[in-house]
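One structure is given below, encoded as structure tokens.
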Amino acid sequence: MADIIQLLPDNIANQIAAGEVIQRPASAVKELLENAADAGATEISLVITDAGKALIQVIDNGKGMSETDARMAFERHATSKIRNIEDLFRIKTMGFRGEALASIAAVAQVAMKTRRAEDELGTYIEIENSFAIKQEVCAGTPGTSISMKNLFFNVPARRNFLKSNAAETRHIVEEFIRVAMAFPSVFFSMKSNGQEVFHLEAGSLKQRIVQILGSSYNAKLVSVHEETDYMNIYGFVGKPETARKTRGDQYFFVNNRFIKSAYLNHAVNTAFDEMIAKDSFPSYVLYIDLDPSQIDINVHPTKQEIKFEDEKIIYAFVQAAVKHALAQFSIAPSLDFTLNAEIQGLDAVSKPFTTDKRDAAVASSLFQTFTQKNQAHFIEKSDKSELKHWKEFYEGAKPGVGNPEPGNRQQLQTLHILPDTALLQLHHTYIIASTNSGFLLVHQQLAHERVLYERFSIAGHGQQMATQKSLFPATLELAGADASLLTDLLPDLQTIGYQVEPFGNNSFVIQGIPADVLPGNEKHSIELLIEQFKHFSSDIKFSKREKLVRCMARQQAIKAGQTLSQKEMLVLVEDLFTCSSPNITPTGSPTYLEFKEDYLDRMFGR
Ligand code: ADP
Ligand code: MG
């Protein structure tokens, strides 16, 4: 019997292979746009007719191809982007498999015109069924224009599989958007049946996102930005109000490549946790950059899925970065400074915080976790030594509590918080702590306000607060009146840890911020401070510095509604009871209530 195995002719092999890469017009659009981006184009135009079924054309002003490369480009596995297997783990380009043009040439009638800037003339080439049917020199501007007509003209079964024009156009727009979002500094346009549907001027990332998602997003984006040695993440998440009932505007890019990842999507969703309804989806456009050796892009023919070397790290990082961004955004101004006149006479307001207490406060892990740069989210697991510390604290400090009676703490009963019982957070606002004679209901925001107030007050008495230098000093431009107010406040701002320098023309450079302020938030925190200060400034009872300290404490306190870990709660309660007046805020609200056993017994008629 004769041997029966034969090699498939190239054009048939290409047609079969094309099925993986080019499933529909949108896949061809993606490949052509990515090639244009890889060629370094600064202007890319897409033209489609009949949802890409009749024509898809991509015109770029990128680096073009030589005459030989122009013909080579359509060969299967022909690529200029990798040379050996190691390159596969150094990929910075969108393409690398060298299959797209070969696939397209197998299933459509392709014409390409290309010219390199250094050549006088370009190349025109026509391809059908994988064969060059025409090639000649031509004139033209530098760059490449590829048009493909009658997709699947030679594979009727595939052509019949295509959906309605509306559906196929939707797919194309999706792919167009993904590429346009990845390259905000490139101009993109898209024409469908002669009508321009996108015209995206080159600009910033935020501009690009707003151009695409709509201007209603302009004021609703929260910036995400974290950098580490291992990876960077940047981009935006929509404020909780932009969450939708349908999975809509969710975009993840890894090294500029749009990817689908249910896993990372989950990380973002959980970061929004209690902030949006259970059945709704947050919007986000997030970019992760990391060493290409840490990912494998080559696990999927259209490269929309990738494998991470260490998925868990990426998950934790994404979640933490989004949480951090959301926490910064929720530092909302609160302008109600109703002052209780009695309060000003209190020790806490008028007397310095002792050095001992300050040292204890600064050593506390809440202080440290909140001051580690970009690590506000990083809370270590609780350990035993901390618990021991906690016990000593209470037995040593024996702070007074009870019916909060300001200024009277010497007379109050000794209190023992039970060190070995877990703390409980209620409504993300209250902390329940067991004592030897009942329990305390601590208001997390008000308690933290007290803690910060005393910490900032030290600075008000001669010692300067710790400053963290800004890596990228932000500039602040203010209206005339605000600028002179800020100038006025500069010396006092310095004592509480701000390093702000005048920069002429009502502008200032923020060189450093207090160790307690989350980095990335410096501008906002100063603007808020000025705003709050103005509301305060008719109040002559307080010195400038006192007003500043109060504003700062109010502004930087952990907010109600924020989930706290055991450790964070522990440290907060611990810090509170090292305060000289733990039981009230600077403005006189109670920071906690005590429920004593005998009171509880009475309530239950025992
Ligand atoms: P890949 O992008 O994976 O390398 P393609 O089949 O998409 O494979 O393209 C093959 C080669 O053709 C590319 O490596 C590149 O050198 C060249 N090429 C394709 N499109 C363009 C373009 N628009 N401008 C310049 N060169 C291009
Ligand atoms: Mg390509």
Item to complete: At 7 Å along the Cα-to-beta-carbon direction for both residue 273 and residue 4, put a label point, then send me their distance in nm to one decimal.
Response: 6.4 nm
Practice prompt. Take the alpha carbon atoms of region 196-219, find their center, do the same for region 59-94, and report the distance between the two centers in whole angstrom.
Written response: 30 Å
Discussion item. Just to check I understand the Karplus step: with θ = phi - 60° and J = 6.51 cos²θ - 1.76 cosθ + 1.60, what whole-Hz values come out for region 162-168, glycine and proline as x?
Written reply: 5, 8, 4, 4, 4, 5, 5
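Rounded, prolate or oblate: which fits region 8-60, taking a ≥ b ≥ c as square roots of the Cα gyration tensor eigenvalues, rounded meaning a/c under 1.5, else prolate when a/b beats b/c? Spell out each step's value before the answer.
Details: a/c = 2.79, a/b = 1.58, b/c = 1.77.
Oblate is the answer for region 8-60, as a/c is 1.5 or above yet b/c matches or exceeds a/b.
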Practice prompt. Keeping the other protein chains in place, figure out the carbon and sulfur percent of the accessible area of region 407-594, with a 1.4 Å probe.
Written response: 52 percent
Item to complete: Kindly write out, for region 109-126 in residue order, the coupling ³J(HN,Hα) from the Karplus curve 6.51 cos²θ - 1.76 cosθ + 1.60 (θ = phi - 60°), rounded to whole Hz, with x marking Gly and Pro.
Response: 8, 10, 10, 9, 10, 8, 8, 7, 4, 7, 8, 6, 10, x, 10, 10, 9, 10
Discussion item. Check which residues have an amide H placed less than 5 Å from residue 497's amide H, if you skip close sequence neighbours.
Written reply: 465
Worksheet item: Per residue, how much accessible area does region 1-70 show when a 1.4 Å probe rolls over the protein heavy atoms, in square angstrom?
Response: 48 Å²
Item to complete: Might you tell me the accessible area per residue for region 407-594, computed with a 1.4 Å probe and given in Å²?
Response: 38 Å²
Item to complete: Take the alpha carbon gyration tensor of region 407-594, find the square roots of its eigenvalues, order them as a ≥ b ≥ c, and report rounded if a/c is under 1.5; if not, report prolate when a/b exceeds b/c, else oblate.
Response: prolate
Worksheet, complete the sentence: With a ≥ b ≥ c from the Cα gyration tensor eigenvalues, square-rooted, and the rule rounded for a/c under 1.5, otherwise prolate when a/b > b/c and oblate otherwise, region 69-144 is oblate
Worksheet item: At a 1.4 Å probe radius, carbon and sulfur cover how many percent of the accessible area of region 10-203?
Response: 50 percent
Worksheet item: Along region 178-188, what does the Karplus equation 6.51 cos²θ - 1.76 cosθ + 1.60 (θ = phi - 60°) give for ³J(HN,Hα), rounded to whole Hz, x for Gly and Pro?
Response: 4, 6, 4, 6, 6, 10, x, 8, 10, 6, 10
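For region 76-159, what is the accessible area per residue in Å² when the probe is 1.4 Å? Spell out each step's value before the answer.
Numbers: 4300 Å² over 84 residues.
Value for region 76-159: 51 Å² per residue.
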Worksheet entry | Separation of alpha-carbon centers, region 541-586 and region 138-163, rounded to whole Å | 65 Å
Worksheet item: Taking the alpha-carbon centroid of each part, what is the distance from region 241-306 to region 430-495 in angstrom?
Response: 35 Å
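The values are calculated or read from the model by the stated rules, or taken from the named source; none is laboratory data. Because the structure is predicted, anything quoted here is derived from the model rather than measured. A quick note on method: Cβ atoms are made from the backbone with ideal geometry, for glycine too, and the neighbour counts reach across all protein chains shown. The protein model used for the area step is the full one, side chains on, heavy atoms only, and it has no ligands, DNA or RNA in it. Shrake-Rupley method; radii C 1.70, N 1.55, O 1.52, S 1.80 Å.
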